[in-house]
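Please read the structure below before turning to the comments.
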Amino acid sequence: MANEEKDGYTPSVVEEKWQRLWDERGTNTFTREELENAEDPFYNLMMFPYPSAEGLHVGNIYAFTGADVHGRYHRLLGKTVFEPMGFDAFGIHSENFALKIGSHPMDLIPSNVQNFTRQLRRIGGMFDWDHSVDTTDPSYYKWTQWVFLQFFKAGLAERKEAPVNWCPSCMTVLANEQVVGGECERCGTPVEQRRIAQWFFKITDYAQRLLDNLEDIDWSPSTLKAQANWIGRSKGAQLHFPVVDADGNETGTKIEVYTTRPDTVYGATYMVLSPEHPLVSEVTDHGLMAPVFAYVDKAAKKDLVARQKVDKTKTGVPTGGSCRNPATGERIPIWIADYVLMEYGTGAIMAVPGHDTRDFEFAKQFDLPIVRVVAGPGDDAHTPLEEAYVGPGSLVNSGTFDGTDVSDSVDAVTAWTAEGGWGEPRINFRLHDWCISRQRYWGPPIPIVHCEACGPVAVPEEDLPVILPRVEDFKPDDSGISPLARVEEWYQTTCPECGAEARRETDVSDTFLDSGWYFLRYPSTDFDDRPFDPAITKKWLPLNTYIGGNEHAVLHLMYSRFITMVLKDLGHIDFEEPYQVFRAHGLIIADGAKMSKSKGNVIVPDPIIDEHGADTFRTYLMFLGPFEEGGDYRPQGIQGPLGFLHRLWDTVLSATDAEADANVERKVHQTIRQVTAQIPSLQYNTAIAAMMECLNVIRAGGRTAALAEVGPLIVMVAPFAPHIAEELWERTGHEGSVFDGRNWPEFDAAKAVDESVEVAVQVNGKLRASITVGKDAPEDEVVAAARAEENVLRHLEGLAERRVIHVPGRLVNFVVG
RNA sequence: GCCGGGGUGGUGAAAUUGGUAAACACAGGGGACUUAAAAUCCCCCGCCCUUUGGGCUUGCGGGUUCAAUUCCCGCCCCCGGCACCA
């Protein structure tokens, strides 16, 4: 073996032995009965990977190892820790990769999964391979389709038109990633928007609950913040602006606008409709139809990526039509501009250029009137505006509201608009309904049949799964929208309700639907007649810990929370938040950047494991920085943990049966205290440092250790280096696995107490000496000892002592002057 | 622009949330043991000076305090996410 060492520690031999024994003994896997009867269940999950052709890189291993350490620690506390692993293998990634290399995803995925599995076994993860999932397996996506049907039957899945990127040359829908500089990545034709019917899940119905529940779950603060921002609740008012004709008479039509600043309504000097707004043609003057529709057309031609880009200059056209501002009674013009989005609010705004930066910019561009209605400190009603003023102040030029502080003005003005019958309070969310349709091949078919007479009809549950057929030509091409729409023998069917000829839905569902419920499936993979068994689900869920990357802080975590909530409302489960505890891990940095294929700095784990072994590699990854922050991967750094494990091996195998030395024992118990406190809070780097320090004390001066001294270290190192821990556990006379039973060392506070402490002595805050005193020495004794130090005396000499500060066990500070 | 996270030796990083800044480790230097090498053990390792001592030092500038990496105010820079959300 390449890594054989003189001390007899050969990682590859030890690791192969224990990985084989774990498999043989079923150490990491549970039977259905074990899951049903577990006494102290602990469900420890990490986000499952997408099985790429490249295999796992060091960044993936880092995440999985950190989660595995957490799981193994709880196992050592005696819990039944369920730690499954699976594969999120559907989606555009796999599809595009298969297209690129001229292969088929149905051929690629199995070998990728096999390679991932091999790598995951090699790093010694405590994965229950008897309860794995692969989202592309019909036995899994059968239930993904079942989830869809529950939503459909509950009225939470609806079909509506939505814009997609459309390549007019290829006649196909493009994902945002396939639009390069506004052009189709394949043929270079400019991409436009097209509205097609798609399936949506009504997540917006749950927006408030998704927001409120954030209060009660234990997640990384940054993730909570990201979720709250994504939901984007804002409080304001919906106001109705009457449209007026050329003579100033109301036509009866009203334009609805949403605003978070109803208090600035006196400053609304024009209106803007989004190009897609239904009232565009109604408000436009006959003479201006041509330019207005040219503009609307141009906006539609922009692809969705370009449309969202913030341009320096705003564009727009006047309609010639106008509204009356109900606050001022003045007539104001109506414009069309694509800086107003149809998807948010009402698709129309009242423009307040004085106090909104975008409106200000637009007003300057088109020379529209700007009125000040908020006066900041030092301003009056006539102070000119050089830019939009959005700060605090009081209302001016606002009728009876003049002088009202802006902080109380929103509610006051909203109430006034409601009294006048032209407004009401309104809460808005930026969260949009979840479009789950994909006009693609590599996903689970949406289990719907379209019947001319009955409309969209659910495929009966007993007919699931709707199998994704093997289609050799799954490339999006010029024959239609979705690849499945070309497979006539597949989509032709009969209506489950009336029996007439009908057509299957040819869109597949979003990958986030696959990953939206997978945590429910793992404990129940022993059942093929139900998505999740009620008894097992009750025992094992919600999850105890979920660990994953912050790149999923929004979408995956939001969608899976939403699905869980709906399943609870439909009576399938009895909890609504799947992840009690979520922790985001940090990123591994290589050559100053996040590891990624495009940056070319990917580090492959296999050669490192070949050279040093999985235990050393794991320990190094956990040592190189705080787990939640990530850190720099430096190849040389592995020497530290490598030497540590070798020294541990040597120390344990040469240990005697002698009594533990009192000083060493104190260090050991201090270490137990620290490691026990730090592992649950994922402070792995300092926990490992503490163990290194402890071993240094045990070995100081080359002394021979007593087994009683090193014993606890074998167990404490086990979450990080499980193989060597097993081997040393066995060689020190234990039977079976260190992970069976509650083997975590007990902390004895009495044994950890230092008899004497070192106290810093300062004069005016500057360190002048350091003294050693008994741990409970009274203050006057400590101060006297401090004062007696020669170097302290010199600094006190001739100066008046004003104060003495004594922090027991830490310092004495003489304040003189 | 907004929201998060950061900025500490040659390097990765620590600091009990206001109490001796730099634990642990990498790299580097010196020594012991050894025929030799590896392994192991010991010592040095922020900067500067007039070196049994003294001064300076946690991105920059102020402040509070006996005491600030930690708290407050004002800046600069880096990383991640969102981005015309009215």
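Structure above, values below:
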| read-out | value |
| --- | --- |
| Kirkwood Rh and Cα Rg combined as Rg over Rh, evaluated for region A:658-817 | 1.15 |
| With every protein chain in place, region A:317-392: carbon and sulfur % of accessible area (1.4 Å) | 53 |
| Under-5 Å amide H pairs with A:Ser169, H placed in peptide plane, nonlocal only | none |
| Cα gyration tensor shape of region A:1-106, rounded if a/c is under 1.5, else prolate or oblate by comparing a/b with b/c | oblate |
| 5 angstrom amide H check on A:Thr189, placed H, neighbours 5+ away | A:Cys184 |
| Under the Karplus curve 6.51 cos²θ - 1.76 cosθ + 1.60, θ = phi - 60°, whole-Hz ³J(HN,Hα) for region A:445-451, x wherever Gly or Pro sits | x, 6, x, 10, 10, 9, 10 |
| Whichever aspartates and glutamates have a C-alpha closer than 18 Å to that of A:Lys667, once near sequence neighbours (fewer than 8 apart) are set aside | A:Glu659, A:Glu693, A:Glu709, A:Glu746, A:Asp748, A:Asp754, A:Glu755, A:Glu758 |
| Highest to lowest packing among A:483-491, A:726-734, scored as the average C-beta count within 10 Å | A:726-734, A:483-491 |
| Estimated FRET transfer efficiency when R0 is 25 angstrom, pair A:Lys475-A:Cys435 (beta carbons, to 0.05) | 0.65 |
| Spacing of the two label points (7 Å from each Cα toward its C-beta) at A:Asp780 and A:Lys568, in nm | 6.3 |
| Local net charge near A:Glu576, Cβ-Cβ under 15 Å (Lys/Arg +1, Asp/Glu -1) | -3 |
| Members of A:Lys302/A:Lys594; A:Lys142/A:Lys568; A:Lys160/A:Lys202; A:Lys302/A:Lys364; A:Lys225/A:Lys599; A:Lys79/A:Lys538 lying beyond 22 Å, as alpha-carbon distances in this model show | A:Lys302/A:Lys594; A:Lys302/A:Lys364; A:Lys225/A:Lys599 |
| Per residue accessible area in Å² of chain A, where ligands, DNA and RNA are left out and the probe is 1.4 Å | 43 |
| Cα-centred dipole magnitude for chain A, charges only on beta-carbon of K, R (+1) and D, E (-1), debye, nearest 20 | 1320 |
| Within chain A, helix-based [θ] at 222 nm, where runs of 4 or more DSSP H residues each add -39,500 (n - 2.57), nearest 500 | -10500 deg cm²/dmol |
| 3J(HN,Hα) from dihedral phi, region A:460-469, Karplus parametrisation 6.51/-1.76/1.60, rounded to Hz, x for glycine, proline | x, 4, 5, 8, 6, x, 7, 6, 6, x |
| Positive minus negative residues near A:Leu811 (Lys, Arg vs Asp, Glu; Cβ under 14 Å) | +2 |
| Farthest positive-ward along chain A dipole, Cα basis, beta-carbon charges - from A:Leu624, A:Thr80, A:Thr651 | A:Leu624 |
| Environment charge of A:Pro392, counting only residues whose C-beta is closer than 14 Å and scoring Lys/Arg +1, Asp/Glu -1 | -3 |
| Rg/Rg_ref, chain A, where Rg_ref = 2.2 N^0.38 Å and atoms are Cα | 1.20 |
| Normalised contact order of chain A, rounded percent, pairs of Cα under 8 Å and 6 or more residues apart | 15 |
| Dipole of region A:495-540, positive direction: furthest Cα of A:Thr537, A:Leu513, A:Cys495, with charges on the beta-carbon | A:Thr537 |
| Amide H contacts under 5 Å for A:Val371, placed H, 5+ residues apart | A:Gly354 |
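The values are calculated or read from the model by the stated rules, or taken from the named source; none is laboratory data. If you're wondering where the values come from, they're calculated on a predicted model, not measured in any experiment. Cβ atoms come from the backbone with ideal geometry, glycine included; neighbour counts cover every protein chain shown. With ligands, DNA and RNA removed, areas are computed over all heavy atoms of the protein, side chains included. Shrake-Rupley method; radii C 1.70, N 1.55, O 1.52, S 1.80 Å.
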